[in-house]
1. Please name all residue pairs, on different chains or six or more residues apart, with Cβ atoms under 8 Å, provided the first residue is in segment 50-79 and is within 15 Å of LEU28 (Cβ to Cβ) and the second residue is part of a helix (DSSP H, G or I) and open to solvent by less than 50 Å² (accessible area, probe 1.4 Å).
2. What are the residues in segment 37-66 that are open to solvent by 90 Å² or more (accessible area, probe 1.4 Å), at pLDDT 95 or above and not in a loop (DSSP other than H, G, I, E, B), if any?
3. Give the residue that is farthest from LEU65 (Cα to Cα), with candidates limited to residues of segment 19-36 that are part of a strand (DSSP E or B) and touching a residue at least 40 places away in the same chain (Cβ under 8 Å).
4. Here's a check for you: in segment 24-36, which residue that is over 15 Å from SER13 (Cβ atoms) and in contact with an Asp or Glu (Cβ under 9 Å, 6 or more places away or on another chain) is surrounded by the fewest Cβ atoms within 10 Å (Cβ to Cβ)?
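The values are calculated or read from the model by the stated rules, or taken from the named source; none is laboratory data. Only a predicted model underlies this, so the values are computations on that prediction, with no experimental measurement involved. When we count neighbours, we look across all protein chains shown, and the Cβ atoms used for this are built from the backbone with ideal geometry, even at glycine. Surface areas here come from the heavy atoms of the whole protein model, side chains and all, with no ligands, DNA or RNA. Shrake-Rupley method; radii C 1.70, N 1.55, O 1.52, S 1.80 Å.
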Amino acid sequence: MLSMTTVIARPSSLIGSIRIEKLDKFHLFKFNDQLQARLEELLECKKADLLTPEQVIELEEIAELDRIFTHINAMLVAQHND
């Protein structure tokens with residue numbers, strides 16, 4: 001019988017790779033250069049169908065954090081436009 005292990009991605013483990021960047025009048029959450037490069041590398045591997053199971057989890061972690069930041073940054077911009 002095969003057992004399946006569920007691994008939970010933890011975006012909070014990447015908190016040290018975050019910076020705040022001022023763009024125009026906004027302070028926005030961004031990935032540092034190393035994390036951005038890693039995201040792009042993982043996306044290229046995904047396109048080529050070369051991700052290992054560990055890389056799939058890593059990509060999920062980074063992508064979840066990216067979704068969170070996109071939402072927060074949009075809220076900050078919208079708040080300023082009120």
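1. LEU65/PRO11; LEU65/LEU14; ASP66/LEU39; ILE68/PRO11
2. Just the residues of segment 37-66 that are open to solvent by 90 Å² or more (accessible area, probe 1.4 Å), to begin with: 40-41, 44, 46-47, 49-50, 53-54, 60.
Checking the rest, the ones that are also at pLDDT 95 or above come to 40-41, 44, 46-47, 49-50.
Hits for segment 37-66 are GLU40, GLU41, GLU44, LYS46, LYS47.
3. Applying the first criterion (part of a strand (DSSP E or B)) to segment 19-36 yields 19-23, 26-31.
Filter again for touching a residue at least 40 places away in the same chain (Cβ under 8 Å), leaving 26-29.
Working: PHE26: 19, HIS27: 17, LEU28: 14, PHE29: 10 Å.
Among them, the one singled out is PHE26.
4. Initial filter on segment 24-36 (over 15 Å from SER13 (Cβ atoms)): 24-30, 33, 36.
Next, only the ones that are in contact with an Asp or Glu (Cβ under 9 Å, 6 or more places away or on another chain) stay: 27-30.
Numbers: HIS27: 11, LEU28: 17, PHE29: 16, LYS30: 16.
Among those residues, the one meeting the criterion is HIS27.
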